[in-house]
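Below is one structure, written out as structure tokens, with a few remarks after it.
Read the figures in this text as sums done on the coordinates, not as results from a lab. This is a predicted model, so every value here is computed, not measured. Counting neighbours? That spans all protein chains shown, and the Cβs are built from the backbone with ideal geometry, glycine included.
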Amino acid sequence: MKIDPFKELNPPTKDGYWINKKNKERYGGQYISPLLVPNLKRVQEGFFKAIKDKKFMKELNEELLSFIGVNTPIHFSPELTKLAGGEKKVGKIFLKRTDLHTNHSHKPISAYSCCKLAKYLGFKKVLTETGAFQNGRAVASACAALGLDLDIYVGANDAKKLAINKDISALHGANIIEVHDSTKSLLPAMAAALRAFQSEPDSMYIVGSVAGPHPYPLMVRTFASVIGRITKKQFKSLTGKDPSTIFAVCGGGSNLESITYPYIKSNKVKLYAVESAGKGIKTGKHGATISGGGKMGVLLGMRSKVLLNGGNIADSFTEASGLDFSSIGPEVAYLHSIGRIKFLTATDIEAKKTFMMMARKIGLICAIEACYVIHAAIREIKKTGKPKQNHLIHLCGSGEPNVAQMMEFMKKNK
Amino acid sequence: MSKLNKLFKNLKIKKKSAFCGFVTSGDPNYASSKAIMKEMTKHCHIIEAGQSFSTSTSDSPIIMEANDRAIKSGMNMTKTFKLIKEVIKETNNDTCFVIMTYLNPIVVYGVKKFIKSSASIGIAGVIIVDNNLNSPEEKILLNGLSKKGIGYTKIISPTNSEKFIQQSIKNTKNSFIYITTYAGLTGSKNVNLNNVKKLVYKVKKYSKNMPTGVGFGIKTPKQVKQVSKYADVVICGSNIVNKIKEGHERRLSAPKLAKFVAKYVKQLSESTK
Ligand SMILES: Cc1ncc(COP(=O)(O)O)c(C=O)c1O
């Protein structure tokens with residue numbers, strides 16, 4: 001399948017804001033130290049040049065198809081459909097198998113594209129951050145493929161966790177730097193990577209989600225939207241029409257935007273984001289920026305919804321490392337504010353039970369992150385699904401990195 | 001006349017540069033920080049008090065640690081205002097207090113409330129590291145603070161473009177422009193003071209009367225002396241913060257810690273020309 005060219009459907013202002021016309025609230029922007037301004041300008045100008053460069057885009061698309069394997073299947077899931085109440089009652093449920101990419105998640109698309117951009121712009125080295133090493137691994141693989149050096153910043157607490165993706169990143173040759181600031185998790189790791197960018201203007205910073213200062217949210221969703229562009233064509237040829245609903249899990253919002261972006265102007269397609277409710281929203285231990293009542297704040301270079309604790313950023317909590325983020329991409333927060341994307345949640349325990357169900361009944365080991373969306377989608381479809389509808393769930397990653405964690409769960413719940 | 005402008009006018013008559021010492025507000029805790037700042041007012045024309053932000057994107061590890069100590073001890077914007085208010089009241093000298101922070105703590109505290117509180121306790125100036133020159137917040141803060149006669153400082157570095165430097169000069173009101181010795185994090189080891197000198201002269205070329213402050217990596221009396229030959233303000237931070245850490249780790253009491261830090265600050269300050 002050929003990749004359709006990117007079409008800008010929701011452009012931010014030239015300063016990188018998405019503005020809600022009703023209440024004038026702005027999302028995005030570029031809130032950074034003046035010392036970073038020249039570095040970001042180089043990335044921003046380079047990005048706009050690259051996406052207009054036919055040769056660059058052609059090569060990139062070819063490599064995404066061959067090396068990442070972006071043309072993954074979409075298939076009907078009779079079992080999930082049955083769980084939601086049956087085709088006669090709620091319609092059909094389909095899965096988009098993004099877990100089948102090289103490196104097993106949606107992250108490799110933007111990681112590879114951004115690394116390709118780094119190379120195009122003449123950078124020799126890349127800086128990035130990671131929580132669960134899903135992004136770290138994706139960037140490490142891309143840097144190896146493209147001959148770039150890489151520093152990965154990771155919170156010291158995250159680095160302690162035994163993780164296959166961490167080892168894989170090291171095997172690819174990445175230099176792993178532990179961050180001991182603040183909560184020693186993803187947020188300080190991201191701040192540390194941005195600080196490193198300030199001292200190393202000859203390296204290009206790459207972010208792992210649709211977050212950070214302009215142009216990062218725009219750049220990541222533009223590159224990642226390849227998934228949605230392919231999905232749109234695939235789904236049409238499979239069913240003859242667009243899906244009625246699309247469900248995706250949301251930490252920062254990259255896999256959500258990657259699949260929903262081409263549909264944001266198609267108002268008949270209902271879009272759902274699923275956040276981690278952790279131990280339950282009411283306990284305060286969750287990773288649900290929108291559903292948990294996040295407020296407007298400014299962090300990591302962007303203005304967006306943030307879980308706050310006084311003037312500082314509150315810790316998020318969830319057992320899915322990929323969702324452990326106290327904020328959300330600005331364009332996603334904007335799309336929520338105008339009512340285009342509805343938000344749902346699932347708790348850690350619901351996700352783990354769903355993991356086991358997928359393993360035992362469907363035969364798939366899904367990323368724990370994806371289990372939040374599967375659970376919430378089935379619940380929602382059961383409630384609101386109608387006959388003849390087609391529902392699409394984004395299976396955004398494979399659960400191999402979660403095997404140890406889930407073995408423990410299985411033993412405890414025998 | 002604004003507090004900072006008055007300071008610069010007085011120093012100009014004396015043909016002297018100002019010394020500015022940076023500390024993180026509430027580091028290592030409220031009581032010690034207050035004692036340190038009080039003691040520092042004896043030696044500093046300007047005290048730059050950092051309101052910490054946990055996800056700071058521009059501070060060196062030394063200042064990140066200070067931020068952690070302050071946050072752990074329960075500091076926030078409200079307490080920073082209280083602390084500075086008490087120091088001003090109890091010292092009764094002319095030291096100018098400048099708050100250095102990030103936009104998030106201000107947005108969360110409330111932009112209008114921030115301007116009001118700053119005015120009511122007599123803050124001389126504000127530096128917001130991550131406020132973009134073109135952001136709507138920039139306009140509101142610049143106008144709001146200027147109306148109250150509070151200084152607004154922008155930061156520039158040797159790598160910024162001419163256009164950026166000119167706009168930063170324009171957005172600096174009732175205060176000094178902050179020139180970093182290099183484009184990197186605070187507290188780096190090797191600084192090339194020649195680049196800074198050029199930038200100071202460039203600023204003077206664009207705006208003859210704009211006071212220039214130079215900071216980042218200045219730690220020895222010799223460097224202070226050198227920079228003060230051409231800059232209007234010499235700013236020292238990381239090494240003062242390091243002294244606080246050292247004294248805190250030696251478990252000095254608040255008054256002893258304050259004396260320990262101030263002794264070092266005095267050395268630096270006395271080197272300004
Ligand atoms: C498999 C998977 N899904 C989802 C996420 C959440 O991030 P985002 O919301 O940006 O897609 C991650 C992040 O690491 C992930 O690894």
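What percent does the relative contact order of region B:18-266 come to when contacts are Cα pairs within less than 8 Å and at least six residues apart? Working shown, then result.
On the way: 460 pairs, mean separation 57.5, N = 249.
Relative CO of region B:18-266 lands at 23 percent.
Please determine, in degrees from 0 to 90 and to the nearest 10, the orientation of helix A:368-384 with respect to the longest principal axis defined by the Cα atoms of chain A, where the helix direction is its Cα long axis. The angle comes out near 40 degrees.
Candidate cross-link partners of B:Lys204 among the aspartates and glutamates, defined by an alpha-carbon separation under 12 Å and a same-chain spacing of 8 or more, comprise B:Asp232.
Separation of the alpha carbons by more than 19 angstrom is noted, of B:Lys14/B:Lys225; A:Lys116/A:Lys236; B:Lys113/B:Lys148, for A:Lys116/A:Lys236. When chain A is treated as a GNM with alpha-carbon contacts under 10 Å, the residue of A:Thr245, A:Thr318, A:Thr384 showing the greatest mean-square fluctuation is A:Thr384.
Less than 5 angstrom separates the built amide H of B:Gly50 from those of B:Val23, B:Thr24, B:Ser25, B:Met100, all sequence-distant by 5 or more or on a different chain.
Charging the Cβ of each Asp and Glu at -1 and of each Lys and Arg at +1, and nothing else, the dipole of chain A about its Cα centre rounds to 1880 debye.
Evaluate peptide B:96-104: per residue, the Cβ atoms of other protein chains within 10 Å of its Cβ; return the mean as an integer.
On the way: counts 0, 0, 0, 0, 0, 1, 5, 6, 12.
Rounded to a whole number, the mean comes out at 3.
Here the simple spin-label model places points 7 Å from the Cα toward Cβ, and for B:Lys82 and A:Asn309 these points are separated by 1.9 nm.
Among residues other than B:Glu65 with Cβ under 10 Å from its Cβ, the summed charge is -2 (Lys and Arg +1, Asp and Glu -1). Using the Karplus relation 6.51 cos²θ - 1.76 cosθ + 1.60 with θ = phi - 60°, the per-residue 3J(HN,Hα) values for region A:46-55 come to x, 4, 5, 5, 5, 6, 9, 8, 4, 5 Hz, with x marking Gly and Pro.
As a test of the formula, what do you get for the protein assembly as shown when each DSSP H run with n ≥ 4 contributes -39,500 (n - 2.57) and the sum is divided by the residue count, at 222 nm and rounded to the nearest 500 deg cm²/dmol? Write down the numbers at each step before the final one.
Values: 28 runs with 306 residues, N = 687.
Helices in the protein assembly as shown give a 222 nm mean residue ellipticity of -13500 deg cm²/dmol.
For chain A, the longest principal axis of the C-alpha atoms and the axis of helix A:186-199 are separated by about 30°. Along region B:156-170 the Karplus relation, 6.51 cos²θ - 1.76 cosθ + 1.60 evaluated at θ = phi - 60°, assigns HN-Hα couplings of 10, 9, x, 8, 6, 6, 4, 4, 5, 5, 5, 5, 5, 5, 5 Hz to successive residues, with x for each Gly and Pro.
About its Cα centre, chain B has a charge dipole of approximately 1040 debye under the convention of +1 per Lys or Arg Cβ and -1 per Asp or Glu Cβ, with nothing else charged. Could you list, in their original order, any pairs among B:Lys34/B:Lys245; B:Lys42/B:Lys154; B:Lys198/B:Lys229; A:Lys7/A:Lys96 whose Cα atoms are separated by more than 19 Å? Result: B:Lys42/B:Lys154; A:Lys7/A:Lys96 exceed 19 Å.
Per-residue mean of foreign Cβ neighbours for A:301-313 is 5 (Cβ atoms of other chains, 10 Å radius). With the charge dipole of chain A set up from +1 on Lys and Arg Cβ and -1 on Asp and Glu Cβ about the Cα centre, the Cα lying farthest toward the positive end among the listed residues A:Leu218, A:Gly86, A:Val126 is that of A:Gly86. A cut-off of 5 Å between modelled amide H atoms, ignoring neighbours fewer than 5 places along the same chain, links A:Ile341 with A:His336.
Indicate, rounded to the nearest 5 percent, the antiparallel portion of the DSSP beta bridges found entirely in region B:18-266. Display every interim value, and only then the final one.
On the way: 1 of 30 bridges.
Counting only bridges with both partners in region B:18-266, antiparallel ones make up about 5 percent.
Helix A:403-412 and the longest principal axis of the Cα set of chain A meet at an angle near 40°. What's the center-to-center distance, using Cα atoms, between region A:1-71 and region B:195-257 in Å? So the two Cα centres are separated by 39 Å.
Give me the number: length gained by fully extending A:Arg97 to A:Lys82, i.e. 0.36 nm times residue separation minus the C-alpha to C-alpha distance, one decimal in nm.
3.5 nm
Extending 7 Å from Cα along the Cβ direction at A:Lys161 and again at B:Val111 yields two label points whose distance is 3.7 nm. Near B:Gly217, the amide H atoms lying under 5 Å from its own belong to B:Gly187, B:Ser188, B:Gly237, B:Ser238; only residues 5 or more places off or on other chains count, and H is placed 1.01 Å from N.
Using C-alpha pairs below 8 Å separated by at least 6 residues, the relative contact order for chain A is 20 percent.
Take each residue of peptide A:32-44, count the partner chain Cβ atoms within 10 Å of its Cβ, and average: the result is 6. A cut-off under 12 angstrom between Cβ atoms defines the neighbours of A:Ser185, and their net charge, with Lys, Arg +1 and Asp, Glu -1, is -3.
Paramagnetic label reach from A:Phe56 (point 7 Å along Cα→Cβ; backbone nitrogen cut-off under 20 Å): within region A:82-119, residues A:108-119.
Net length available on complete extension from A:Lys388 to A:Leu238 is 52.6 nm, with 0.36 nm assigned per residue and the Cα-Cα distance removed. Between B:Ser207 and B:Gln167, the modelled labels are 1.4 nm apart [label points 7 Å from Cα along Cα→Cβ].
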